[in-house]
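**Student:** Quick one: the structure is below, and I'll ask about it shortly.
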Amino acid sequence: MEKSSGKKNTAVLISGRGSNLRSLIKYSKTKKSLIKIVLVVSDNLFAKGLNYANKSNINNIVIKYSNRKSFEDRLLKLLKKNNIDLICLAGFMKILSGKFIKKFNKTILNIHPSLLPKYKGLNTHNRAVQNKDKYSGATVHIVNKKLDSGKIILQKKVKILKSDSGKSLEKKVLKIEHKLYPKAIIRLLTNY
Ligand code: GRF
């Protein structure tokens, strides 16, 4: 815990576009923010999201993913060095091992673009449209060793229209994700 501000030292892990990272950075800059983003880690050198970290002068590091063990060992060292209290996965496309989760021993959050427990894994929007679901949405949950299965912190629904495609649904869901992630962090950290 960072003593002076009382904010949780947070690391955000990304693999690509980084629009959720951008919304978390925006939240972290608000006066009442409960987190301070001190580290952004990507497994992908070309992740666009790294630009958001750079623009805000947030320490950002690419760890090449040659195998899980070496990636996780390096990540754990970095997290320790930076006194990280909370990890937020934001479009991070690798699966963290049970060993890693145990060793880190603090909360890891993830945002997933479906109403979990429906549609774990990839391609959530097309699956929801193909199944003619009436609603989809986004979920923020705690990461455990089973994929997309940890305790749900917060969910928000969106309506699926007959005219929606996987792409248009993705856009709608992404928009609510950007509000949901900061809200879920507040809920987690204040028990609200
Ligand atoms: C989001 O839809 C998120 O729910 C999922 O991956 C996507 C990442 O988008 N886990 P971005 O990189 O945050 O723009």
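The values are calculated or read from the model by the stated rules, or taken from the named source; none is laboratory data. In this text, all values refer to a predicted model and were calculated from it rather than measured experimentally. In this analysis, Cβ positions are derived from the backbone assuming ideal geometry, glycine residues included, and neighbour counts consider all displayed protein chains.
**Student:** How many residues are outside any loop (DSSP other than H, G, I, E, B) and hydrophobic (A, V, I, L, M, F, W, C) when one looks only at the range 120-167? Spell out how you get there, then give the answer.
**Tutor:** Keep residues of the range 120-167 that are outside any loop (DSSP other than H, G, I, E, B), which gives 124-130, 135-142, 152-159, 166-167.
If we keep only those that are hydrophobic (A, V, I, L, M, F, W, C) too, we end up with 128-129, 138, 140, 142, 152-154, 158.
Within the range 120-167, residues that are outside any loop (DSSP other than H, G, I, E, B) and hydrophobic (A, V, I, L, M, F, W, C) number 9.
**Student:** Turning to a different aspect of this structure: Scan (1) out of contact with any helix residue (DSSP H, G or I) (no Cβ under 9 Å at 6 or more places or on another chain); (2) surrounded by fewer than 18 Cβ atoms within 10 Å (Cβ to Cβ); (3) charged (D, E, K, R) for the single condition D148 breaks and write down its number.
**Tutor:** (2)
**Student:** Here's something else I'd like to know. Scan the range 152-168 and give yes if some residue there is touching a residue at least 60 places away in the same chain (Cβ under 8 Å) and either aromatic (F, W, Y) or surrounded by fewer than 16 Cβ atoms within 10 Å (Cβ to Cβ) (or both), otherwise no. Before the answer, list the steps.
**Tutor:** Restricting attention to the range 152-168, the residues satisfying the condition of being touching a residue at least 60 places away in the same chain (Cβ under 8 Å) are none.
No, every residue in the range 152-168 fails to be touching a residue at least 60 places away in the same chain (Cβ under 8 Å) and either aromatic (F, W, Y) or surrounded by fewer than 16 Cβ atoms within 10 Å (Cβ to Cβ) (or both).
**Student:** Another question about this same structure. All but one of (1) farther than 26 Å from R187 by Cα; (2) crowded, with 18+ Cβ neighbours inside 10 Å hold for Y27; which doesn't?
**Tutor:** Of (1) farther than 26 Å from R187 by Cα; (2) crowded, with 18+ Cβ neighbours inside 10 Å, only one is false for Y27: (1).
**Student:** Tell me, please, whether a residue that is at pLDDT below 95, surrounded by fewer than 17 Cβ atoms within 10 Å (Cβ to Cβ) and either more than 14 Å from the chain's Cα centre (by Cα) or in a strand (DSSP E or B) (or both) can be found in the range 170-192.
**Tutor:** Here is the first cut: in the range 170-192, the ones at pLDDT below 95 are 191-192.
Among the residues that remain, those that are also surrounded by fewer than 17 Cβ atoms within 10 Å (Cβ to Cβ) are: 191-192.
If we keep only those that are either more than 14 Å from the chain's Cα centre (by Cα) or in a strand (DSSP E or B) (or both) as well, we get 191-192.
Scanning the range 170-192, I find at least one residue that is at pLDDT below 95, surrounded by fewer than 17 Cβ atoms within 10 Å (Cβ to Cβ) and either more than 14 Å from the chain's Cα centre (by Cα) or in a strand (DSSP E or B) (or both), so the answer is yes.
**Student:** Restricting attention to the range 155-170, report how many residues are out of contact with any Leu (no Cβ under 7 Å at 6 or more places or on another chain) and closer than 30 Å to K31 by Cβ.
**Tutor:** Just the residues of the range 155-170 that are out of contact with any Leu (no Cβ under 7 Å at 6 or more places or on another chain), to begin with: 158-159, 161-170.
With the extra rule that they be closer than 30 Å to K31 by Cβ, the set shrinks to 158.
The total comes to 1.
**Student:** Another question about this same structure. Considering every residue within the range 114-137, establish whether at least one is away from the ligand (no atom under 15 Å from the Cβ) and under 15 Å from the mean Cα position of the chain (by Cα).
**Tutor:** Within the range 114-137, none of the residues are away from the ligand (no atom under 15 Å from the Cβ) and under 15 Å from the mean Cα position of the chain (by Cα).
**Student:** With the requirement that a residue be within 28 Å of T30 (Cα to Cα) and not in a loop (DSSP other than H, G, I, E, B), what does the range 56-75 give you?
**Tutor:** Listed by number, the residues that qualify are N60, I61, V62, L75.
**Student:** Next question. Can you tell me which of (1) farther than 27 Å from S33 by Cβ; (2) in a loop (DSSP other than H, G, I, E, B) is the one L116 doesn't meet?
**Tutor:** For L116, the failing item is (1).
**Student:** Next question. Could you list all residues from the range 64-100 that are more than 16 Å from the ligand (Cβ to nearest atom), of a type in the set (A, V, I, L, M, F, W, C) and surrounded by 18 or more Cβ atoms within 10 Å (Cβ to Cβ)? Step through it out loud before you land on a result.
**Tutor:** Within the range 64-100, the subset more than 16 Å from the ligand (Cβ to nearest atom) is 64-86, 97-100.
From what is left, the residues that are of a type in the set (A, V, I, L, M, F, W, C) are 71, 75-76, 78-79, 84, 86, 100.
Result: F71, L75, L79, I84, L86, F100.
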